[in-house]
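To start, the structure under review is shown below, and the notes come after it.
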Amino acid sequence: MRQSLNALFSPETSPHPSDLQPFRLLCDALFFYTLPDANTPLADKNETPESSIGYTPVQLSDREQDRFHSLAKELRGHEAEFHSGLLASLSAGHADRDEATVGALAASLRSGTPTDRPQQAENEVLWQAMLILKLAEMFREEEREINQGFMAISGKEAELFAAIRGDASGEEEEDEEEGQALRELAASAGPSGPTINVARLIKAWGRLYTRDPRAPEFPLLVTTHEEVQGLLAERYEALTGKPSRLLVSLILPTQKENMADDAQTEALKTAIEAARVHFNRELLGVAASGTISAEQLTALQGAGNELNRASLPFLENRPTEKGLRFYAYEGTTLRDLFTELTGTPMAKPKQGPATTTGLLAVLS
């Protein structure tokens, strides 16, 4: 029986379905973290495809969960504070953190300024990590809404240009190309407000990951943030004295947001299925090895080339493409690396067997 390739998406919680689509071409099942905030769900949370499964990895105490729910509700009305960054970074003491303003918490996420409270309790650590992840969710949701607004405005601009020039049938294709260019330009020219501190976001996600009892079930982490590889590689080199290894790169056609209705995407999945199964088998073999042999690397790269060739005809019909790079941390589990990264000895995980290699795939 063939072993399935189950992957975990990081470091975002409740990701938009379009962020998961490229990974769903490769993985048998894709998981991601959700937060214990049923009162304020994301609008598109129920649109996640069935092959992508969200779950909450750890539970807060009743006291901390009530606090989290309360602040999550309050955050919904303070998006302007979050983006303008008018207030100082997170500075509320342990006794008055309930009264900490949303703006202060948001500024903490952007600035990356560390707190100076030593020996935080377990629930306090998880509460802060979940709040940072919730802020990031709201940031992405609002950013997506802003971009959609700019796309709508650019579409109206394209219609006006077409009306001014006239709608001659021979120019329709040219008008459509120019209209698309205008929409892309407007989307890229949106307001450049404060950005999320990605390192802090990764560490917050890692605090959940190191406490997730299901973490060992996933031989592969996948991400759209190159910073994840940078931080893990740094910790890996500090632990082992060796650099992480780039194993193989895949080239994927750009996916549409309505993937389920995209006939071309379904045709792509059918065309690459045999190559995908072969590649996943070789990849799982690497994950189960503490040291990667030359034969394993050659076999994996050959399977990757086979997968690239199978998807090549579909690249011709897509305007852009994305690369998926696979990294290996020989003899070290990803859970150990995140434990070192987050600096939480209280959550020290069980040591994996010596024949284990952590794998990370970065889409860019």
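None of the figures in this text is laboratory data; all of them are computed from the coordinates on show. Quick caveat: nothing in here was measured; it's all calculated off a predicted structure. Note that each Cβ is placed from the backbone with ideal geometry, even for glycine, and that neighbours are counted across all protein chains shown.
In order along the range 240-250, phi translates into HN-Hα couplings of 10, x, 10, x, 5, 10, 7, 8, 6, 10, 10 Hz, rounded to whole numbers, per the Karplus curve 6.51 cos²θ - 1.76 cosθ + 1.60 with θ = phi - 60° and x for Gly and Pro. So the label point goes 7 Å from the Cα of Q264 along Cα→C-beta, right? Which residues of the range 285-314 then have their backbone N under 17 Å from it? Counting backbone N atoms under 17 Å from the label point, the list is 310-314. Backbone amide hydrogens, once placed in the peptide plane, bring G54 within less than 5 Å of F32, excluding anything fewer than 5 places away on its chain.
Using R₀ = 41 Å, calculate the FRET efficiency as 1/(1 + (r/R₀)^6) where r is the Cβ-Cβ separation of Q301 and E122; round to 0.05.
Plugging the Cβ-Cβ distance into 1/(1 + (r/R0)^6) gives 0.45.
Quick one: if you stick a label point 7 Å off each Cα along the C-beta vector at R281 and A29, how many nm between them? Placing both labels 7 Å beyond Cα along the Cβ direction yields 2.1 nm.
Extension gain for A274 to R309 (0.36 nm times residue separation, less C-alpha to C-alpha distance): 11.4 nm.
Calculate, for I53 and E141, the FRET efficiency according to 1/(1 + (r/R0)^6) with r their C-beta to C-beta distance and R0 22 Å; round to the nearest 0.05. After rounding to 0.05, the efficiency reads 0.60.
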